Amino acid sequence: MADADAAQPVPALAERAEECADRLRAAEEVLLASHIDADGLTSAAVASQGLERADIPFEVVFSDQLDEAEIARIAATDYDTVLFTDFGSGQLDVIADHEDRGDFTPIIADHHQPAEADTAYHLNPLLEGLNGARELSGAGAAYVLMRALGEDNRDLAALTVVGAVGDMQTVDGELVGANESIAAEGVAAGTLETGTDLTLYGKQTRPLPKLLEYATDVYIPGVSNDQAGAIRFLDGLEIDLKDEEGEWRRWVDLTDEEQQTVASALVRRAVERGVSASKIDTLVGTTYTLTGEAVGSELRDASEFSTLLNATARYDRADVGLAVCLGNRTEALDAARHLLRQHRRNLSEGLEWVKREGITREDNIQWFDAGEEIRETIVGIVAGMAVGSEGIDRDAPIVAFARKNAEEVKVSARGTPALTRRGLDLSAVMREASQSVGGDGGGHDVAAGATVPAGEERAFVDAADDIVGEQLGE
């Protein structure tokens, strides 16, 4: 048992974590079931390493959506104990039914909104008043459980941070609450470094012009989405932009002084072009660096690492993402990089499709139906990227549909922190609207999803629009 004095990073969850850890120790064999996004993959990786270190036999399975049919398949595997990571809370009623029938003992380490049911081994920040969308990810819940299982698991904090960053849990550019405590454990363990730097994506891998051209979270006229403009901007700085072989340098190739030169010039350009002060402030934030990874690798930066993971399981290769998390730096990493290139192409094409086809605006929501044009496992990412594009505003949540199979449609919804502060809870919207048309869903206040029967899209939109209107007082 973990030393009680080796304080849990999340004290509020300590008792629940110990109860779940005790049940794991009593298990003959564990089936570890996890979600397929970056948070789900890192959850599975953290739990896998903790179980292995505790000499608990286990097998790992992944699922895009944990519905009744999937839970029934899990029950049919005859494992006496099933550990659910990064999902399970929203399906607690179905899981509890299987528990009551003696099919398996569930242990849930999740951060999504729980269904109205109960089980003996349920680790979720929401049960203790913590915010599951901002303060603790699915990987964080798995980490808290593995810390209770063995105090030597602090080194797993770095992977946990990748999961939190991939789940978009940063607030004003940094992790907060329990996530911040876990990051501090990673720093203490020597597997993570934190610092203050530009928040642009791709500082490890992208050539400088591409780094600036693709930096659209803070849109800087004459630089963002402007290849020639980005090069002109860099040419005006008195630094060497190319290496001895004539290749563009990356951000990580610059000296501290050179990085300061570029950052200062970028802020000046933003001010000159009328970018708001609040937007400019977000250009700088906290960075999370995995110290054991090579400089210039996608795996060294938590944000780039999480994107790499999203490019694996969302294309039915969860095994590749898990292998990378567990340390495979040969075949698995090569396969993940290939999938990442494909993922980026698909996201770009998906975003262009949305811009070309446009969206439909209701009273309180905006939406598009991609049919089979955008893969259902990435339509939510595309929807989030589309917010703020021409014709798509930030003052209403966006809902996206994509065909899942002949009978079902995947629904993804994205909001903004500003909307959640006004009362938006997309978890409730997705759950209530989908159930009203014979489907089911859930998630977080700012991002959620559902599955509905094909043909019920219009009825779902009407229900979701009414619910959002009630939440926002429109």
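The values are calculated or read from the model by the stated rules, or taken from the named source; none is laboratory data. Predicted model only: the values in this text are computed from it and were never measured. Neighbour counts run over all protein chains shown; Cβ positions are idealised from the backbone, glycine included. The area values use the complete protein model at the heavy-atom level, side chains included, leaving out ligands, DNA and RNA. Shrake-Rupley method; radii C 1.70, N 1.55, O 1.52, S 1.80 Å.
Odds and ends about this structure:
- When the range 371-400 is limited to residues that are aliphatic (A, V, I, L, M), touching a helix residue (DSSP H, G or I) at 6+ places or on another chain (Cβ under 8 Å) and open to solvent by 20 Å² or more (accessible area, probe 1.4 Å), the one that is nearest to Asp172 (Cα to Cα) turns out to be Met385.
- Filtered residues of the range 61-78 (kept if within 21 Å of Ala38 (Cα to Cα), part of a loop (DSSP other than H, G, I, E, B) and not hydroxyl-bearing (Ser, Thr, Tyr)): Asp64, Gln65, Leu66, Asp67
- Counted residues, the range 155-204 - those being hydroxyl-bearing (Ser, Thr, Tyr), part of a helix (DSSP H, G or I) and farther than 22 Å from Ala45 by Cα: 0
- Looking only at the range 320-334, and only at residues there that are of a type outside the set (Asp, Glu) and surrounded by fewer than 16 Cβ atoms within 10 Å (Cβ to Cβ), the one that is nearest to Val446 (Cα to Cα): Leu326
- Meets criteria (of a type outside the set (Lys, Arg), under 23 Å from Met430 (Cβ atoms), open to solvent by 40 Å² or more (accessible area, probe 1.4 Å) and modelled with pLDDT of 95 or more) for Glu128: no
- All conditions in (1) within 22 Å of the chain's Cα centre (by Cα); (2) open to solvent by less than 50 Å² (accessible area, probe 1.4 Å) hold for Trp353, with the sole exception of (1).
- Of the residues Arg414, Arg422, Arg403, Arg337, the single one that is out of contact with any Phe, Trp or Tyr (no Cβ under 6 Å at 6 or more places or on another chain), farther than 19 Å from Asp167 by Cβ, free of Cβ contacts under 8 Å to residues at least 40 places away in the same chain and open to solvent by 40 Å² or more (accessible area, probe 1.4 Å) is Arg337.
- Filter result for the condition that a residue is small (Gly, Ala, Ser) and without any contact (Cβ under 8 Å) to a residue 24 or more places away in the chain, over Ala69, Ala75, Ala109, Ala117: Ala69
- Only residues that are in a strand (DSSP E or B) and open to solvent by 10 Å² or more (accessible area, probe 1.4 Å) were counted in the range 79-121, giving 1.
- Output for the range 58-86, where each listed residue is among the small types (Gly, Ala, Ser) and modelled with pLDDT under 95: Ser63, Ala69
- Residue, least open to solvent (accessible area, probe 1.4 Å), within the range 190-222, restricted to residues that are of a type in the set (Gly, Ala, Ser) and within 17 Å of Asp301 (Cα to Cα): Gly202
- Verdict on Asp55 being modelled with pLDDT of 95 or more, surrounded by fewer than 20 Cβ atoms within 10 Å (Cβ to Cβ) and more than 22 Å from Gln435 (Cβ to Cβ): yes
- Odd one out for Ser348, checked against (1) at pLDDT 95 or above; (2) among the polar types (S, T, N, Q); (3) in a helix (DSSP H, G or I): (1)
- Extreme residue, farthest from Gly140 (Cα to Cα), among residues of the range 58-73 that are in contact with a helix residue (DSSP H, G or I) (Cβ under 6 Å, 6 or more places away or on another chain) and surrounded by 15 or more Cβ atoms within 10 Å (Cβ to Cβ): Ile71
- Only a single item in (1) among the acidic types (Asp, Glu); (2) closer than 21 Å to Gln204 by Cβ; (3) more than 23 Å from the chain's Cα centre (by Cα) is not met by Glu272, and it is number (2).
- Exactly one residue out of Ser348, Ser264, Ser297 is free of Cβ contacts under 8 Å to residues at least 12 places away in the same chain, closer than 27 Å to Val382 by Cβ, surrounded by fewer than 19 Cβ atoms within 10 Å (Cβ to Cβ) and over 17 Å from the mean Cα position of the chain (by Cα), and it is Ser348.
- Residue ID - farthest from Ile378 (Cα to Cα), chosen from residues in the range 300-319 that are open to solvent by 50 Å² or more (accessible area, probe 1.4 Å) and of a type outside the set (Lys, Arg): Asp319
- For the range 167-191, a residue qualifies if it is of a type in the set (Gly, Ala, Ser) and either in contact with a Lys or Arg (Cβ under 6 Å, 6 or more places away or on another chain) or at pLDDT below 95 (or both), and the qualifying residues are Gly173, Ala189.
- Test for Ser48: is it at pLDDT 95 or above, within 23 Å of the chain's Cα centre (by Cα) and closer than 24 Å to Glu408 by Cβ: no
- Candidates Thr261, Thr286: the one that is hydroxyl-bearing (Ser, Thr, Tyr), in contact with a Leu (Cβ under 9 Å, 6 or more places away or on another chain) and not in a helix (DSSP H, G or I) is Thr286.
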